[in-house]
1. Only Cα pairs under 8 Å and at least 6 apart count here; give the relative contact order of segment 178-278 as a rounded whole percent.
2. Among 196, 238, 116, determine the one that fluctuates most according to a GNM of the chain built with springs between C-alpha atoms less than 10 Å apart.
3. Going by alpha carbons, how many degrees (0 to 90, nearest 10) lie between the helix axis of 259-278 and the longest principal axis of the chain?
4. With the radius of gyration and the Kirkwood radius both derived from the Cα set of segment 57-172, what is their ratio Rg to Rh?
5. Once every DSSP H run of n ≥ 4 in the chain is given -39500 (n - 2.57) and the sum is divided by its residues, what mean residue ellipticity at 222 nm do you get, rounded to the nearest 500 deg cm²/dmol?
6. Sort 59-67, 105-113 by packing, meaning the average of other beta carbons within 10 Å per residue, with the highest value first.
7. Over the Cα atoms of the chain, how large are the radius of gyration and the largest Cα-Cα distance (Dmax), in Å?
8. When the Kirkwood radius is taken over all Cα pairs of segment 6-52, what Stokes-Einstein diffusion coefficient follows at 25 °C and 0.890 mPa s, in µm²/s?
Amino acid sequence: MIGTFDYVRVSSIEEGCELLTANGGNAAALAGGTDLLVNVRNTGRSPDLLVDFKDIKQMNRLVIEEGNGATIGACVPLNVIADNTVINDRYTALAAAARSVGSYQVRNRATLGGNIANASPAADTAPALLVLGASVNVTGKNGTRKIPIQELFTRVKKTSLKEAEVITDIVLPSVSRTRSAFIKKQRVKGHDLAIINMAASYDADAGKVRVAIGSCAVTPILLPEFSLSPDERVDSLIERANDIAQEMISPIDDVRASAEYRRALVPVLLHDLIWGVLSPGGGAR
């Protein structure tokens, strides 16, 4: 049962934030609703008011500027991101992560903002955004602020958003010679939640490798940056990354996999990802 609640479709961010503020913790923001409405059904706890931001132009834009990165509105459907040629070319990990969420039909409705605002440790787009150095613009009763993506997630299904704040945009920095990739292990081929997901990026100019892991702790985890020295073997870098990852993760046993299995998968996925982004043509998965 979804329950009973009032519903308002707003025409501006300010109007939506005012309604969220007026209703305190008894209102919820709606972008795509593919997580929110499922959570309402599963828990039996309905908000008193559902505030729909889907019609706001700013939150539906996808703007890519040469030299200035990309700005993706929180309400942009995941299929739009997955099908965008420039996102696939420059932000390969994000395009691949977006494609891995749910089914094609779900991705027509599911949004990037909703996927990260839901703050599931298994959110597929989170590792990609972490390695790409994304930030989020949020708006609330006290105005607008920017949050680095690594500061957004605080614990399972919890974020650093204040009451009545909403994510309006996701901002990706400009990349020139950065390759990235995403990989996901799941129980069955198709639209299943991740047993573990992972993303990596390699900045060829800085010689830096970044790795993020999902579904292995209470939040998605960004490992410290790794520098690849000219004389270091790639396998040695992978070993270093695995040693740090094993210290940082805290997987659990659940219906999808055991903690032991998740730990065993980490070096396997690290090997594929890091070799992928360091090799010529790496990042296209």
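1. Taking the mean separation of contacting Cα pairs over the length of segment 178-278, I get 27 percent.
2. Answer for the Gaussian network model of the chain: 238.
3. 70 degrees
4. Taking Rh as the inverse mean 1/r over Cα pairs, Rg/Rh reads 0.94.
5. The helix contribution divided over the chain gives -9000 deg cm²/dmol.
6. With the highest mean Cβ count within 10 Å placed first, the list reads 105-113, 59-67.
7. Radius of gyration, then largest Cα-Cα span, for the chain: 18.8, 63 Å.
8. 226 µm²/s
Coordinate-derived values only; no laboratory data. As the structure is a prediction and not an experimental result, all values here were calculated from the model. As a convention, Cβ positions derive from the backbone with ideal geometry for all residues, glycine included, and neighbour counts pool all protein chains shown.
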